[in-house]
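Report on one structure; see the data block that follows.
The values are calculated or read from the model by the stated rules, or taken from the named source; none is laboratory data. Computed from a predicted structure; not experimentally measured. Cβ coordinates were reconstructed from backbone atoms using ideal geometry, including for glycine residues, and neighbour counts include every protein chain displayed. Please note that ligands, DNA and RNA were not included when accessible areas were found on the heavy atoms of the full protein model with its side chains. Shrake-Rupley method; radii C 1.70, N 1.55, O 1.52, S 1.80 Å.
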Amino acid sequence: MRKIFLFITMLFLAGCETPANLQQEVQKFIDAYSQEYQQLYYTSSRAEWASNTRIVEGDSSNAIATRKANEALANFTGSVKNIETIQNFLKKREKLLPLQIKQLEVMLYLAANNPQTVTELVKERIKAETEQVEKLYGFDFQINKKSVSTNDIDAILNEETNLKKRLQAWEASKEVGKNLRSGLIKLQHLRNQTVEALGYPDYFSYQVSDFGIGTEEMMKLNRQLVSEIWPLYRELHTYARYELAKKYGEKKVPDYLPAHWLPNRWGQDWTTLVTVKGMDLDAILRTKTSEWIMQQGEQFYISLGFPSLPQSFWEKSSLYPLPQDAGYKKNNHASAWHMDLNQDIRSLMSVIPNAEWYETVHHELGHIYYYVAYTNQNIPLLLRGGANRAFHEAIGSLMGLAAMQKPFLAQKNLIPADSKTDEMKTLLKESLNYIIFMPWSCGVMTEFEYELYTNRLPAEQFNQKWWELVQKYQGIVPPSTRGEEYCDPSTKTHINDDAAQYYDYGLSYVLLFQFHEYITKNILQQNPHSTNYYDSKEVGEFLKKVMGPGKTQDWRQLLQATIGQEMSAQSMLNYFQPLLDYLKKANKGRKYTLPETL
Ligand code: X8Z
Ligand code: ZN
């Protein structure tokens, strides 16, 4: 009798949990979670937005609101109750729908960043992160005791030929690091400790896991990418040493590039070393307004079949530099925000009319249109993200590349249609952007953060390790010894507020050239070095295929489905192939100081 009873009970229980029932139950949980998450996320975004757009010295009201909002979000995503529910559901994953599994995994990933089991550490970390951003962007950069903006510093590094003045500007740009050192030490520990609680070995590994690969695999991939472009980088490095020595009237060509010789605070972009006659975009853009640059960017996307940006984007974004007498400061690094994971999309920039900002505008709008592409009822809230983070970075950079090619510029009447330009020089200029970036992103930044988090770099070695990597990967040296009182890595935005994710950008450049090659071969049938995407609805359709699924598909499968390839640097190498011979000739008889292989 008993046995029969038990049997019936079991039948009943099993009957309750048919896949359909379970799926329904899980869906109810996902829907409720998503709704609450969205509200908390929006509150946090608004507070962060205020903290990044209005930094008032001595006023902590924004910081307090941001801390509170971020704590509320963390309490929810990291709650033990939520984690247990998610883990229990995931134990029965074979009965769940693929998109449900993906959403539960996203929840678990969010939880791991701030588990309730270590509430105090999470709180400390949120506080430290908010303070770090305020210190970085509230900093008063000064040259000769006069306040300057980072745009001012960048202009000097781009244009000035007097080495003393260059040195002053470069040194001024690194002062902020001293104030950020203690915060970075704190964050190194707190970031590691918070993710350890849910079983990640360290913060770097946590961030890497979002790509579905392990830390060692990611490091191997990055090192391989650097080694693939290294022959080209070595030529560019040699070329730049000699050309810059000439430019600055220095008789002795240095073995390594002094950091203040380069047109960028971190040596990550050398584009302005070369001007192409007939295509001097900087000179052309200087005659335009910042607003014109923004509209131009939007127009390009619209021409591909994307909608115009909502009125709220224009009203709520913070697109231009603050007036000097504003009485407050703002984050001067460009970013794009999906405030509520729905219709509130904004960008934070300090656009001035020059080629660098022209490119950045296209980059940020790439994020914005990515948001637009996956914000609809087919894509669950928790899967509104890039196929991986590198995809999100790639689209806008691709558009930036396309918006600088000659046929595009001619169609937009920015250069005369019949202007004769030196194609090799154009390619050289492009390589000073895309190739130069690789040892910086996949090398210096990635290796440093790997040391910092995975290998727990001691604080007394931050600056030493930094410059060791800069010399090894970029062939750049500091103008004079930089002791540990400085913290030069923390002058870079992402070290502070986008930690352990910089390989996203290196990978995005690789993807960008894969997309570009596919588009030019299969859609436009144009020479990849000389294209015009403008008005091509087919290109727009292709981009929507890449962006539309958000995170609902595995990124490798999506890449196969859209371009039929795995991720590879081959397209980038194809693109710059003609340059290698040209540079070898230009460098004939010159001394190479970087090793042939890394
Ligand atoms: O940070 C950015 C974007 C914001 S998503 C402007 N980029 C990297 C950088 O500035 O270091 C774009 C390329 C590299
Ligand atoms: Zn970006």
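Most tightly packed first, judged by the mean number of other beta-carbon atoms within 10 Å of their residues, the peptides 508-514, 473-479 read 508-514, 473-479. Per-atom-type breakdown for the chain gives carbon and sulfur 51% of the accessible area (1.4 Å probe, protein chains only). On the principal axes of its alpha carbon atoms, the range 264-351 extends 43, 40, 25 Å, with the longest extent given first.
Taking the 0 to 90 degree range and rounding to the nearest ten, how far is the long axis of helix 290-303 tilted relative to the main principal axis of the chain, both from C-alpha atoms? On a 0 to 90 degree scale, this one is about 60. Considering only Cα atoms, the convex hull volume of the range 388-507 works out to 135 Å³ per residue. Here the range 315-373 is described by how far its Cα atoms reach on the three principal axes: 37, 26, 17 Å, from widest to narrowest.
Short version: what are the Cα gyration tensor semi-axes of the range 32-165, square root of 5 times each eigenvalue, largest first, in whole Å?
In descending order the semi-axes read 42, 18, 12 Å.
Pairs spanning more than 24 Å between alpha-carbon atoms, out of Lys277/Lys585; Lys246/Lys429; Lys92/Lys545; Lys165/Lys252: Lys92/Lys545. Surface analysis of the range 70-130 yields an accessible area of 47 Å² per residue, using protein heavy atoms and a 1.4 Å probe. Of the beta bridges in the chain, as assigned by DSSP with both residues counted there, near 70 percent are antiparallel. In terms of its C-alpha gyration tensor, the range 317-435 comes out oblate, because a/c is 1.5 or above while a/b does not outweigh b/c. Over the range 535-577, accessible surface divided per residue gives 47 Å², non-protein components excluded, 1.4 Å probe.
Contact order, relative form, for the range 152-260: 24 percent (alpha carbon pairs under 8 Å, 6 or more residues apart, mean separation divided by residue count).
Quick check: net charge around Leu414, other residues with Cβ under 11 Å of its Cβ, Lys/Arg +1 and Asp/Glu -1?
Numbers: positive: Lys288, Lys406, Lys412; negative: Asp280.
It works out to a net charge of +2.
Think of the chain as a dipole: +1 on every Lys or Arg Cβ, -1 on every Asp or Glu Cβ, centred on the Cα centre; then among Met294, Leu583, Gly506, Leu583 lies furthest on the positive end. If you sort Glu298, Glu485, Glu566, Glu131 by accessible surface, 1.4 Å probe, largest first, the order is Glu566, Glu485, Glu131, Glu298.
Per-residue SASA remark: Thr562, around 10 Å² accessible (1.4 Å probe; ligands, DNA and RNA not included). Overall, the chain carries a charge dipole of about 540 debye about its Cα centre when +1 sits on the Cβ of Lys and Arg and -1 on the Cβ of Asp and Glu, all other atoms neutral.
Measuring max minus min along each principal axis, the C-alpha atoms of the chain give extents of 101, 55, 48 Å (largest first). Taking θ = phi - 60°, what integer Hz values does the Karplus form 6.51 cos²θ - 1.76 cosθ + 1.60 yield along the range 23-28, in sequence order, with x for Gly and Pro? 3J(HN,Hα) across the range 23-28, in whole Hz: 4, 5, 4, 4, 4, 4. Computed over the alpha carbons of the range 187-318, Rg followed by Dmax gives 22.2, 58 Å. Once you reduce the range 119-155 and the range 340-380 to the center of their Cα atoms, the two points are 24 Å from each other.
The trypsin sites (Lys or Arg not before Pro) found in the range 85-181 that occupy coil by DSSP, while having at most 10 further C-beta atoms within 10 Å, are Lys145.
The angle between the Cα long axis of helix 423-438 and the longest principal axis of the Cα atoms of the chain comes to about 50 degrees, rounded to the nearest 10. With Cα atoms as the point set, the range 362-432 shows a radius of gyration and Dmax of 16.6, 50 Å. Go through the range 463-477 residue by residue and turn each phi into a ³J(HN,Hα) via Karplus (6.51, -1.76, 1.60, θ = phi - 60°); whole Hz please, and just put x for glycine and proline. Along the range 463-477, the couplings run 6, 4, 4, 4, 6, 4, 5, 4, 5, 5, 8, 9, x, 10, 10 Hz. Taking the longest Cα principal axis of the chain as reference, the axis of helix 537-547 is set at about 50 degrees.
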